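Just below is one structure, and these are the notes that go with it.
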Amino acid sequence: MEIPSKYEPEKAENRWYDYWMQHKFFHSIPDARKPYTIVIPPPNVTGVLHMGHMLNNTLQDVLIRRARLMGKNACWVPGTDHASIATEAKVVAKLREEGIQKTDISREDFLKHAWDWKHRYGGVILEQLKKLGCSCDWDRTAFTMDDKMSASVIKVFVDLFNKGLIYRGFRMVNWDPEAQTTLSDEEVIYEEKQGLLYFIAYKIEGSDEKLTIATTRPETILGDTAICIHPTDKRYSHLKGKKAIVPICNRTIPIIQDDYVDIEFGTGCLKVTPAHDLNDHALGEKHQLPSIDIFNADATLNSFGLQYEGQDRFVVRKAISKELEEKGYLVKTEPYLHKVGTSERTKAIIEPRLSDQWFLKMEDLVKPAIKAVLDTQEIKFFPKKFDNTYRHWMENIRDWNISRQLWWGQRIPAYYFGDGQDDFVVAENREDALKLARSKSGNSLLSLKDLRQDEDVVDTWFSSWLWPITVFNGILEPDNEEIAYYYPTNDLVTGPDILFFWVARMIIAGYEFRNEKPFENVYFTGIVRDKQRRKMSKSLGNSPDALHLIEQYGADGVRVGLLLSAAAGNDLMFDEDLCQQGKNFANKIWNGFRLIKSWEVVDLPQPQASKIGIEWYQAKFNQTLAEIEDHFSKFRISDALMAIYKLVWDDYSSWLLEIIKPAYRQPIDRTSLEAVMLILEQNLKLLHPFMPFLTEEIWQRISERSPKQALIVAQWPEQAKFDTSLIKSFDFASQVIAGIRTIRKEKNLPIKESLKLSVLNSGKVTKEWDLMIQKLANVSDITYSKEPIEGALTFRVKNNEYFIPMAGAVDVDTEIRKIQEEIDYTRGFLHSVQQKLNNDRFVKNAPETVIALERKKQADAQAKIETLEKSLASFE
């Protein structure tokens, strides 16, 4: 095949992805091989590819492709999450555009619209992942509301209820007025916001006295049912047992005492609004106060809001503060910085609300999960710093509110048969529910028509916490072949922002339902930020179009660009220049391949320089392979890539190819060419997990291959012993070449002009690299001398001194001046170092390492001056 002058990413990406899919290289079935399993963190079905997805899935693909090369049965399960809140919001918005309100249609009709939306848009992100090169087993694509997935969720709900771990309670919950559903505590993000503290005067019944309270939410006074003072606060002790009058609504409320009140906050008086504050609710229960809910589900005021009924809470806040001021109740306002709970999903400000909800008891469920990470370390976190975050959350866990006031999701399997608080049963289906209801009620005449299923659905996380189990149908068929083979999975790659939402809960579920960990390792990626350290988001407009990046730089270029700056757990400062760097790397590898293929090959003796160069590279390759394996074992994926990058760019492209390259229009010997082709193939194997398209393209162009010989299923290089002395001696020789090249540059000596080199033999010079030095530095002759060479330029490599005769090649006067200037500068530097070392106070107080460094500086400067003085003497 003719090799194009430039690498064409788009053609290669389409060609090889289709080829891999056609030959089912991504597909896995249980067999005799060792499994390697990853389950994808299922992106929201509403999602489109963003930079976080790009980073996370590139990392997973690197791990899965490497496992495949290592001969493991690699299985990467893809899928999407039904994302109750986000999807329902999308569908509601779509219906609104069509003039349809959710409240105007039935649940069944709404779900038809939701499924239509899912079928139309739900697969977008998975198709985009293919563009990135993700080698998922697409035949296994799962969705958290697939029939088996949903049946598993219902079965688990029933099981936990029967164990006494799920209960129904009337509690204060976090209410999202935009999504109009409850949220778990973990779904509430607390943000500091600048607000006002309103000081409001309440009249004391039967007197002219007033009592002032401070609140950030003046609109809630319409729900006040008491004022509370501290029992030891002498300022207000005379008010005990009296009553106050709530401004505007003129409701009379008791003045109570409780040591919960903070005497130092505000005025030391607390308005008690049990329906709209968690702590007030606790006070209300303790003192048997009534609870007045002034809000509708959308956070507009209801009839208790009087003339403000139907208006939004924040509109009312401004209006009621104005009314309070006009009527003389508003004493003053002060700026106040406080934390406000917001919805993680919709960003709406959360409203505490009393509601009947379903809860899961967590206290005992978390114990095996805590032990697995923090004690036995059956599950390891990378980086380990997240152990502390995990500990804090798990040891301070509260019962999980698992019900959501939505229609899109798994409907709670509770069935009501009467009006009593306990007139319900929990079952997997209506038929089983009917049997239980008849038994519980004692009424054998109950029929299916008498059953009303709970309107709520379970929290989305209540389905995704089962993901590593349910993708292999391990709940419905706990002993099936696939769950036995693939579970527990190996590695999980995810973001630290869902450590508790998802990771911790999957660990809990793994031990509860399979008595086994769900995965061995969790690798937490960093957050992708822009150059200003801002988190990338649509609202800031700082998140580049992922597909556009792939079009511009190629999928491999983008993958490399992301990973080069993605240290585990550390945020990634994304810069498009990184993608350009990745693209340049791809072009470098491609051009190197074209160079090799351009050489004419004949049966010639192998040059000694080529022989030793190849031996050196093989040693360097195995040294780097050992480093790479160590990096992978510690999930330092970016470090592994950087090691490969340096190996291929520096050692292979810049050194080895130059060492073996034949002279202009001359052929190469067959031995060297065959060796470098094998080396290239080994390089491609290391590169393949990171740059799958480019590497497969070159691999298939090296020689004709059958599908079984494709790079994607080749064999990962095996670690071999390597000679470190060979690597060290090459490093020494390369410094000699660099020294000669530096002199050429400084003296403007053309590379075509051959030079002579003399070595002042210190007994440590090996001559095996001389031919390589001669070839790469264009040196015609290397001689060894016991005496310095007169009239020559010199440089040092460690303890050895090298001389390049310059007779007639340079301006002697100019050269003498330059050398003298450098001697003067170095003497000045040496003097400053010696001043430190002659200072007794410095020597006594400085650490040994600092003193040793200063002494090394002194010795180096003295050696340099000696060499420069010899150079100067040679011109005189």
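Checking Y523 against (1) among the hydroxyl-bearing types (S, T, Y); (2) open to solvent by less than 10 Å² (accessible area, probe 1.4 Å); (3) in a loop (DSSP other than H, G, I, E, B), which single condition isn't satisfied?
For Y523, the failing item is (3).
Could you tell me whether the stretch 346-353 includes any residue that is part of a strand (DSSP E or B), open to solvent by 40 Å² or more (accessible area, probe 1.4 Å) and either closer than 30 Å to G510 by Cβ or hydrophobic (A, V, I, L, M, F, W, C) (or both)?
Within the stretch 346-353, one or more residues are part of a strand (DSSP E or B), open to solvent by 40 Å² or more (accessible area, probe 1.4 Å) and either closer than 30 Å to G510 by Cβ or hydrophobic (A, V, I, L, M, F, W, C) (or both).
Which one is surrounded by the most Cβ atoms within 10 Å (Cβ to Cβ), of the residues in the stretch 30-58 that are touching a residue at least 12 places away in the same chain (Cβ under 8 Å), of a type in the set (A, V, I, L, M) and not in a helix (DSSP H, G or I)?
Start the filter on the stretch 30-58 by keeping residues that are touching a residue at least 12 places away in the same chain (Cβ under 8 Å), which leaves 30-31, 33-58.
Narrowing the set further to residues that are of a type in the set (A, V, I, L, M) leaves 38-40, 45, 48-49, 51, 54-55.
Now drop any that are not not in a helix (DSSP H, G or I), which leaves 38-40, 45, 48-49.
On the way: I38: 24, V39: 29, I40: 25, V45: 26, V48: 15, L49: 22.
Among those residues, the one meeting the criterion is V39.
Do we have T783 as in contact (Cβ under 8 Å) with a residue 12 or more places away in the chain, within 24 Å of R741 (Cβ to Cβ) and open to solvent by less than 50 Å² (accessible area, probe 1.4 Å) here? Before you say what the answer is, go through the steps one by one.
Values: in contact (Cβ under 8 Å) with a residue 12 or more places away in the chain: yes; within 24 Å of R741 (Cβ to Cβ): yes; open to solvent by less than 50 Å² (accessible area, probe 1.4 Å): no.
No: the conditions fail for T783.
Given (1) at pLDDT below 90; (2) of a type in the set (K, R); (3) in contact with a helix residue (DSSP H, G or I) (Cβ under 9 Å, 6 or more places away or on another chain), identify the lone condition not met by K767.
Only one criterion in (1) at pLDDT below 90; (2) of a type in the set (K, R); (3) in contact with a helix residue (DSSP H, G or I) (Cβ under 9 Å, 6 or more places away or on another chain) is unmet by K767, namely (3).
Residue by residue, here is whether (1) closer than 20 Å to H53 by Cα; (2) part of a helix (DSSP H, G or I); (3) of a type in the set (D, E) holds:
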| residue | (1), (2), (3) |
| --- | --- |
| L562 | yes, yes, no |
| K597 | no, yes, no |
| L604 | no, no, no |
| I612 | no, yes, no |
| Q618 | no, yes, no |
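For the stretch 220-269, enumerate the residues that are closer than 18 Å to V331 by Cα, in contact (Cβ under 8 Å) with a residue 60 or more places away in the chain and of a type in the set (V, I, T).
If the condition is that a residue be closer than 18 Å to V331 by Cα, in contact (Cβ under 8 Å) with a residue 60 or more places away in the chain and of a type in the set (V, I, T), then T220, I221, I248, T267 are the ones that fit.
Are there any pairs, at least 6 apart or on different chains, whose C-beta atoms fall under 8 Å, with the first in the stretch 85-101 and β-branched (V, I, T) and the second open to solvent by 90 Å² or more (accessible area, probe 1.4 Å), and if so, which?
Within 8 Å, the pairs are I85/R345.
Looking at A67, A86, A74, A12, can you tell me which residue is touching a Ser or Thr at 6+ places or on another chain (Cβ under 7 Å), surrounded by 18 or more Cβ atoms within 10 Å (Cβ to Cβ) and modelled with pLDDT of 95 or more? Walk me through how you get there before you give the answer.
Numbers: A67 fails: touching a Ser or Thr at 6+ places or on another chain (Cβ under 7 Å); A86 fails: modelled with pLDDT of 95 or more; A12 fails: touching a Ser or Thr at 6+ places or on another chain (Cβ under 7 Å).
Residue meeting the stated conditions: A74.
Being at positive phi and either open to solvent by 30 Å² or more (accessible area, probe 1.4 Å) or outside any strand (DSSP E or B) (or both): is that true of I221 here?
Details: at positive phi: no; either open to solvent by 30 Å² or more (accessible area, probe 1.4 Å) or outside any strand (DSSP E or B) (or both): yes.
The answer is no for I221.
Can you say whether V373 is within 28 Å of F170 (Cα to Cα), modelled with pLDDT of 95 or more and within 30 Å of the chain's Cα centre (by Cα), as far as the supplied structure shows?
For V373, the condition - within 28 Å of F170 (Cα to Cα), modelled with pLDDT of 95 or more and within 30 Å of the chain's Cα centre (by Cα) - is not met.
Please work out if S464 is surrounded by fewer than 23 Cβ atoms within 10 Å (Cβ to Cβ) and either free of Cβ contacts under 8 Å to residues at least 12 places away in the same chain or of a type outside the set (D, E) (or both).
no
Looking at F199, F170, which is the one that is open to solvent by 30 Å² or more (accessible area, probe 1.4 Å), among the aromatic types (F, W, Y) and either in contact (Cβ under 8 Å) with a residue 40 or more places away in the chain or in a helix (DSSP H, G or I) (or both)? Quick ask: steps written out before the conclusion?
Numbers: F199 fails: open to solvent by 30 Å² or more (accessible area, probe 1.4 Å).
Among F199, F170, only F170 is open to solvent by 30 Å² or more (accessible area, probe 1.4 Å), among the aromatic types (F, W, Y) and either in contact (Cβ under 8 Å) with a residue 40 or more places away in the chain or in a helix (DSSP H, G or I) (or both).
I need a count of the residues in the stretch 638-656 that are touching a residue at least 24 places away in the same chain (Cβ under 8 Å) and small (G, A, S).
2
If I go through the stretch 810-823 residue by residue, how many of them are farther than 16 Å from K870 by Cβ and open to solvent by 40 Å² or more (accessible area, probe 1.4 Å)?
Within the stretch 810-823, residues that are farther than 16 Å from K870 by Cβ and open to solvent by 40 Å² or more (accessible area, probe 1.4 Å) number 5.
Which one of these does A640 not meet: (1) assigned to a helix (DSSP H, G or I); (2) open to solvent by 40 Å² or more (accessible area, probe 1.4 Å)?
(2)
Can you pull out the residues in the stretch 539-572 that are modelled with pLDDT of 90 or more, under 26 Å from R636 (Cα atoms) and open to solvent by 10 Å² or more (accessible area, probe 1.4 Å)?
Within the stretch 539-572, I550, Y553 qualify.
Can you confirm whether the stretch 302-314 contains a residue that is touching a strand residue (DSSP E or B) at 6+ places or on another chain (Cβ under 9 Å), over 29 Å from H281 (Cα atoms) and outside any strand (DSSP E or B)?
No; the residues of the stretch 302-314 include none that is touching a strand residue (DSSP E or B) at 6+ places or on another chain (Cβ under 9 Å), over 29 Å from H281 (Cα atoms) and outside any strand (DSSP E or B).
All but one of (1) surrounded by fewer than 18 Cβ atoms within 10 Å (Cβ to Cβ); (2) within 23 Å of the chain's Cα centre (by Cα) hold for E186, so report the exception by its number.
For E186, the failing item is (1).
The values are calculated or read from the model by the stated rules, or taken from the named source; none is laboratory data. Computed from a predicted model, the values in this text were never measured in an experiment. Don't worry about glycine lacking a Cβ; one is built from the backbone with ideal geometry, like all the others, and counts go over all protein chains shown. Note: accessible area is taken over every heavy atom of the protein model, side chains too, but ligands, DNA and RNA are not part of it. Shrake-Rupley method; radii C 1.70, N 1.55, O 1.52, S 1.80 Å.
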